[in-house]
C-alpha cells in the first residue's frame, strides 16, 4: 500500500523544505509514458531515501520522532505551525517537483475525473501540478499536513477532500461534480459534503464577523440572538441561524445569517490568479493534450466567472430580493426573504426549514419520483415557458442550494431555492430560440439549429455561405450524436462553437450548465426519470390546450408560423413534430389539428 510510505515521506518532505520561493521547475507537459510507468509507492521510497540524507542535524531528532509516529499510524500528529518551522530548517528545491507529483497521486484526486472524461486525465494531472506549484507556501503546507494527519485507512474520498481543503476553486468544482453519475459512488458521497457540509470555519470567528457588522441598534431593536453552532458551511460562506423579534408583529422569527469566510476570500483571490496562469498554459499547449474541439480555456473562463461572483455579496442580495418577488405567486417554490438588518457583508434571510432535496423521502421511491418532476418543472420547464417577459433562473442549482421544505400540513413537495449568487434572465425571444434548438435536436434538423444558434453565441450570418458553414457544423453534431440528452448535446455544441472562436452568451451558457447539474440530482431522486421525455411531454400537453386558438388563427389569419403561444411552438413546428412521430401526445394533437384544418378548408 502506498499510504504507509506516503505518510512518513510527507514528514521528511516537510522536514527538508525551505521558505525559499526559488523552486525547481516542474517540467510540463508530463509525457504520456508517465501514466504507464509511474509507480507512486516506488517513487515514495526513492524520494524518502534521498530526502533523509538532506535533513539538517538540528531538525533530525524531531523529524525522526514524527517519522516514527507516522509509521505507527498516529493521527493528527503535525500542526501547520510545526510544519512551517520545519520548512524553514532546510532546502527542498531539488525534490519539490517529485514531492508535488507524489502528493497529487497519493491524494487519489485524479480518480474523481468522470468516466466519460477519462481522456482528460493528463490535462487534469498537469493543471493540478501547476496549481500546486503556484500555491503560496502556507497553503501548500496545509495540503501536505492534511494528508499526513489522515488516519492510515482513510478512504479515497477523504484523501480527495484533504487535497481540496480551503481551496474555493477546487471546492466549487467538487460541487459541480458531486452528483455526476460517471464518478464512483464513494467519491460522490465525499464531494457532496462540499455542498454545505464543510467543517473548517470556527464558530467564534463567524460570530465575531456578524457581531462587528451589525449595529447596536439592530441587536437591540430586533432582539437578535445567534445560535451557538454553525448551521452550514460551504466553499466560501458560513451560516449561523438566529432568532429575532419582528418589530411589526412582535413575534419571534427565525433567520439565517450568512457571511463570507475571510480565509476563503483571500484564498479565492489567489485561486483566480492561478487559474489565469493555468489558462495561459493551456493556450500555449492546447495541441499536446489532443482534446479535439473541447474549449478548455473557455471552460476555465466560465469557472473563473462563477467563482468571482461567489464573493459579490451585494449582487447576491439583489438577486435574492428579485427572486423572492419573482416567485411570490408560485407557492410550489420558496425563495427566502431578505431581512432589512442585512449589511453589505452579512446576508440575513428567512430560515428555510428543510433538508437538501437529495436527502428528502429516503427509501420512499414514489415520493422521490414526484419530487424529481417538481424539480424539473421549477428549474427547467417553468423557466423556458414562463409567462413573464423575462424568466429568472438559478445559475448554481447544486443539491446544497435546492432544499425540500418541511411544512406541517403544507405542500409535501415544496422546493426552496437558496444562495442566489449566480442568477440570470431569459427574455421571451431567447427562450423561443432555446425551444427551437431543443426541437432541432429532437427532430435532427440541422437548419433549425443553425437558424437559432445565435442564442448561444454572438453571431449573425453575413450571407448564405456563412449560414451554410454553420449548418454543416450542426449536421456534424447530429451525425456524431450518441444518445446524449438535449442539454448535454447543447453543452457539446457550446464547447465546439467556443473552440471555433465564437463568443459565448454567458446567460444561455449558464442555463445549460445548470441543467446538467440538475440532471445529476434528478438521477438520484428517480433513476428512471427521463428529463427530455418529460419536458417534451409537457410541451405536448400545452400544445393540446392551445388547439382552439391554433385552429382559429390558422383559418382566419395568416399566422401559420407564429410562435405567439404559451408553448412558443408554431403550427409548422407542431406539424414537423407530428411527422417525426415522437411522443403520443404530439401525434394525437397532429391528427386533431389536421382534421380540423382539412374540415375548414373543405367548407
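Quick note: the coordinates plus some simple rules give every number you see, no bench work behind them. From a predicted model like this one, the values you see are computed outputs, not experimental measurements. Counting neighbours? That spans all protein chains shown, and the Cβs are built from the backbone with ideal geometry, glycine included.
Considering all different alpha carbon pairs of region 138-262, the Kirkwood hydrodynamic radius works out to 16.5 Å.
For a paramagnetic label modelled on residue 365 (point 7 Å from Cα along Cα→Cβ), amide N atoms under 20 Å away are absent within region 382-413. Percent of C-alpha pairs per 5 Å bin in region 146-203, short distances first: 4, 19, 30, 25, 16, 5, 1, 0.
By how many nm would the segment from residue 467 to residue 205 grow when fully extended, if each residue of separation counts as 0.36 nm and the alpha-carbon distance is taken off? Before the final figure, lay out the partial values.
Numbers: separation 262, 0.36 × 262 = 94.32 nm, distance 5.80 nm.
Stretched out fully, the residue 467 to residue 205 stretch lengthens by 88.5 nm.
Extension gain, residue 184-residue 305: 0.36 nm per intervening residue step, less the Cα-Cα distance, totals 40.7 nm.
Could you tell me how far the Cα centroid of region 520-549 sits from the Cα centroid of region 212-243, in Å? So the separation of the two Cα centres works out to 41 Å. Both radii were evaluated on the Cα set of region 356-529; the Rg over Rh quotient, with Rh as the Kirkwood radius, amounts to 1.02. At a Förster radius of 45 Å, what calculated FRET efficiency corresponds to the Cβ-Cβ distance of residue 560 and residue 116, to the nearest 0.05? Plugging the Cβ-Cβ distance into 1/(1 + (r/R0)^6) gives 0.60. The simple Förster model, with R0 at 56 Å and r as the Cβ-Cβ distance, assigns residue 547 and residue 42 a FRET efficiency of 0.20. Measuring between their Cα centroids, region 408-466 and region 30-46 lie 46 Å from each other.
Can you give the Kirkwood hydrodynamic radius of region 367-461 from its Cα pairs, in Å with one decimal?
On the way: mean 1/r = 0.0654 Å⁻¹.
Evaluated on region 367-461, it is 15.3 Å.
Summarising the overall dimensions of region 411-457 from its C-alpha atoms, the Rg and Dmax are 15.3, 44 angstrom.
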